[in-house]
1. Can you tell me the FRET efficiency between THR122 and LYS289 if r is taken as the Cβ-Cβ distance and R0 is 51 Å, rounded to the nearest 0.05?
2. Quick one: which of LYS212/LYS292; LYS37/LYS104; LYS41/LYS67; LYS40/LYS67; LYS37/LYS212 span more than 29 angstrom between C-alpha atoms?
3. Sorted by accessible area with a 1.4 angstrom probe, largest first, how do ARG90, ARG261 fall?
4. Take LEU99 and SER263, extend 7 Å from each Cα along the Cα→Cβ direction, and tell me the distance between the two endpoints in nm.
5. Using amide H atoms built in the peptide plane, which far-off residues or other-chain residues are under 5 Å from TRP123 H to H?
6. Net charge near ALA155, counting Lys/Arg +1 and Asp/Glu -1 over other residues with Cβ under 13 Å of its Cβ?
7. Quick check: residue separation of GLU326 and GLU26 times 0.36 nm, minus the Cα distance between them. What number comes out in nm?
8. So how exposed is LYS292, as accessible area in Å² (1.4 Å probe, rounded to 10)?
Amino acid sequence: MKRLSLLLAVALGLATAVSARPAVIECWFVEDAGGGKLAKKPAALLLRQGAESPPLRPDLAPERYLKIHDPAGALQAAFRQYPRDAPAPRCEMSLYVPLPASAKWLSGLTPEQSCPRALDGTWLMVSMSSPFLSLSSLLRPQSEPQPEPALITMATAVLTVFTHTPTPRIPMGQDALLDLSFAYVPLTPKAPSLAPGPPPFGLEWRRQHLGKGHLLLAVTPGLNGQVPAAREGAVAFAAWDDDEPWGPWTGNGTFWLPAVRPSQEGTYLATVHLPYLQGQITLELAVLKPPKVALTPAPLVWAAPGEAPPELLCLVSHFYPSHGLEVEWELRGGPEGRLQKAEGQRWLSALRHHSAGYACRVHPPSLSALGRSAEVTLQVAGLSGPSLEDGIGLFLSAFLLLGLLKALGWAAAYLTTQNSMEKKTE
């Protein structure tokens with residue numbers, strides 16, 4: 001009975017995960033309109049479907065209404081962690097032309113420059129992006145759409161590349177781990193001219209920042225050619241996950257960058273190269289450093305309450321990035337505080353205080369991303385009860401004063417005894 005309940009729970013969990021995947025992704029088909037302009041037309045991808053017929057879409061041309069055949073399960077894996085209540089990813093579709101890679105270190109992938117006849121025909125490239133997913137997939141549509149009742153075109157996902165961390169936020173000095181997965185479905189399985197097993201591939205990671213691009217890592221598992229040396233200590237876990245003889249195959253290209261610095265943030269391009277096919281996604285890496293917060297003067301001393309109170313300063317420093325910082329004063333026991341914007345690496349926010357307690361709250365983007373906060377609280381002297389530190393200080397002062405009085409008493413008694421003994425001696 002327990003085993004049956006466990007199997008039922010697993011089945012319900014799998015059904016929930018599958019149902020959480022979007023059934024249809026709305027896209028834009030982008031093409032060249034001439035004169036340096038682009039034309040956008042509506043399109044849609046049907047990712048999953050039950051036993052019923054595909055839903056009618058009279059607003060779409062049949063060649064832009066695609067039912068995806070995904071033998072590798074890459075699209076299902078990509079959306080497995082997608083939040084149920086998150087909006088659908090942005091999607092664009094365009095024509096794609098298979099070509100050999102231009103880099104010399106990838107020449108071993110395509111010893112013959114002519115594209116195989118198996119790759120002839122129409123190809124489409126689909127790109128999806130959201131805060132939770134970045135995906136690129138090369139689709140091979142059928143030449144003719146399926147007939148009524150719903151005109152729809154079948155398309156096979158041949159090469160799919162995706163990441164679940166498209167916008168990583170890494171604390172300064174910590175290692176960055178950028179996940180990357182890919183899948184490949186051969187168009188001619190069990191062809192006599194092909195060797196069994198997954199094909200060789202190339203993987204490259206580049207960074208673009210402030211208009212400059214840098215190749216950080218290049219690897220070619222399965223090839224013996226020379227590749228550029230890795231930079232900045234970068235490492236990639238580049239390998240196929242399985243060795244099935246005829247596919248489909250899934251692979252891993254996760255990227256590791258040690259002890260990141262602000263100069264390493266920017267747009268990262270991950271490209272998977274197969275013979276005549278390339279899949280590329282983008283990630284936006286941001287480096288963060290929480291600020292240091294201090295209040296001055298500390299301790300706060302206000303000796304003359306009848307005069308104007310001193311100025312309380314909240315000093316915020318040593319944080320990154322330098323934009324978007326918000327400093328908020330919280331007045332305890334008085335009117336509401338005020339909110340001010342801050343700029344730069346170091347900023348002073350002043351507030352005249354008229355009550356017992358104040359808090360300086362700092363809300364930089366780095367803290368919100370890491371789920372942390374910074375707060376410093378002071379009490380105005382004379383308007384609130386003694387704190388624990390005050391009590392400890394008074395106790396130590398009393399203890400020292402008592403000890404001093406006892407020492408003086410002993411010294412006086414000793415001197416009196418000495419004088420008495422001297423008089424008796426005389």
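The values are calculated or read from the model by the stated rules, or taken from the named source; none is laboratory data. Here the structure is a predicted model, which is why all the values come from computation and not from measurement. When we count neighbours, we look across all protein chains shown, and the Cβ atoms used for this are built from the backbone with ideal geometry, even at glycine. Note: areas computed on protein heavy atoms with side chains; ligands, DNA, RNA excluded. Shrake-Rupley method; radii C 1.70, N 1.55, O 1.52, S 1.80 Å.
1. 0.55
2. Where the Cα-Cα span goes over 29 Å, the pairs concerned are LYS212/LYS292; LYS37/LYS104.
3. Highest to lowest solvent-accessible surface, that is ARG90, ARG261.
4. Output for this residue pair reads 3.3 nm.
5. Result for TRP123 returns TYR96.
6. Cβ neighbours under 13 Å give a net charge of 0.
7. 104.3 nm
8. 130
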